[in-house]
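**Student:** I am attaching a structure below and will ask some questions about it afterwards.
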Amino acid sequence: MTAGRTPPRLEIRNLVRVFDGQPVVDDVSLSIRAGQVTCLLGPSGCGKSTTLRMIAGVEMQDSGEIHVDGKLICDTVFRVPPERREIGLMFQDFALFPHLSVAGNVAFGLKGSREEKRARVEELLARVSLSRHIDSYPHQLSGGEQQRVALARALAPRPRIMLMDEPFSGLDNRLRDGIRDDTLALLKEEDAAVLLVTHEPEEAMRMADEIALMRDGRIVQQGAPYNVYTRPVDKAAVAFFSDVN
Ligand code: ADP
Ligand code: MG
């Protein structure tokens, strides 16, 4: 099979979610290949997190389909449960388990023998430069270190898809750029399809292979960061992007 004919790792088709009679996600379609980062970018309240939660399987769409590697995993009648979707999740607050050590957090979703799990935990902690904290607990770590543990935990089971909802917004400004770059490098090595939700144009410009600009539940523009930035679709997009510096 040639690369062009391989189905995308993640494809969502015409997703709709209605709350209180209002469509908050309104006919959203996207496809992402393995190793690619798509940023779902838009202002607060435009429906980004709801879209991400439907892909994760913790929220049901009212219509539309989700496919992974060409296979249907969810429509309005058929639904693969969240724990069987091979999806890694990362949120703003990191949501580490406070009662588990760093090793325990990273090993949490892993299957296999004790030795295999330990090897994967050590590999990832070395990769995020946290080997010396393997037996520490989350409260003993800085925000940036907790972020790296959350990243290692999400990637440990080798997810096909990584969903990240504003994963850097809790971090100190001074650290953020470096952590974004390190995170991106690791995501590329692990080869998942990444959907990263952000309201910050600068973050999308820095991290995305493709930007999907969202407004009022709809994707209004989609393309390479440079193209979206230099050829904004309308005045509202110009205003939104004027935040980039
Ligand atoms: P974003 O992540 O872009 O900030 P959300 O997806 O969280 O946006 O929310 C989109 C809209 O849907 C918002 O107006 C929000 O208030 C509404 N919404 C989200 N979840 C629910 C819910 N469970 N019930 C009712 N309205 C909701
Ligand atoms: Mg949100």
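The values are calculated or read from the model by the stated rules, or taken from the named source; none is laboratory data. Small disclaimer: the values here were computed from a predicted structure and weren't measured. FYI the Cβ positions are ideal-geometry reconstructions off the backbone, even for glycines, and counts take in every protein chain you see.
**Student:** If we keep just the residues of segment 195-245 that are part of a loop (DSSP other than H, G, I, E, B) and polar (S, T, N, Q), which is farthest from Gly35 (Cα to Cα)?
**Tutor:** To start, the set of residues in segment 195-245 that are part of a loop (DSSP other than H, G, I, E, B) comprises 199-200, 208-209, 216-217, 224, 231-234, 242-245.
Narrowing further to those that are polar (S, T, N, Q): 242, 245.
Working: Ser242: 29, Asn245: 27 Å.
By that ranking, first place goes to Ser242.
**Student:** Another question about this same structure. Within 28 Å of Gly35 (Cβ to Cβ), modelled with pLDDT of 95 or more and in a helix (DSSP H, G or I): does that describe Arg118?
**Tutor:** Values: within 28 Å of Gly35 (Cβ to Cβ): yes; modelled with pLDDT of 95 or more: yes; in a helix (DSSP H, G or I): yes.
So Arg118 fits the description; yes.
**Student:** With segment 1-110 as the region, which strands (runs of 3 or more DSSP E) entirely inside it contain at least 3 residues that are within 30 Å of Asp135 (Cα to Cα) and either β-branched (Val, Ile, Thr) or in contact (Cβ under 8 Å) with a residue 40 or more places away in the chain (or both)? Break it down stepwise before answering.
**Tutor:** Working: elements: 10-19, 22-32, 37-41, 63-68, 71-74, 87-91.
Answer list for segment 1-110: 87-91.
**Student:** Which numbered condition in (1) without any contact (Cβ under 8 Å) to a residue 40 or more places away in the chain; (2) in contact with a helix residue (DSSP H, G or I) (Cβ under 8 Å, 6 or more places away or on another chain); (3) assigned to a helix (DSSP H, G or I) is the only one that Leu171 fails?
**Tutor:** Condition not satisfied by Leu171: (3).
**Student:** Now a separate question. Scan segment 55-74 and tell me whether some residue there is more than 15 Å from ligand 1 (Cβ to nearest atom), touching a helix residue (DSSP H, G or I) at 6+ places or on another chain (Cβ under 9 Å) and of a type in the set (D, E, K, R).
**Tutor:** Among the residues of segment 55-74, not one is more than 15 Å from ligand 1 (Cβ to nearest atom), touching a helix residue (DSSP H, G or I) at 6+ places or on another chain (Cβ under 9 Å) and of a type in the set (D, E, K, R), which makes the answer no.
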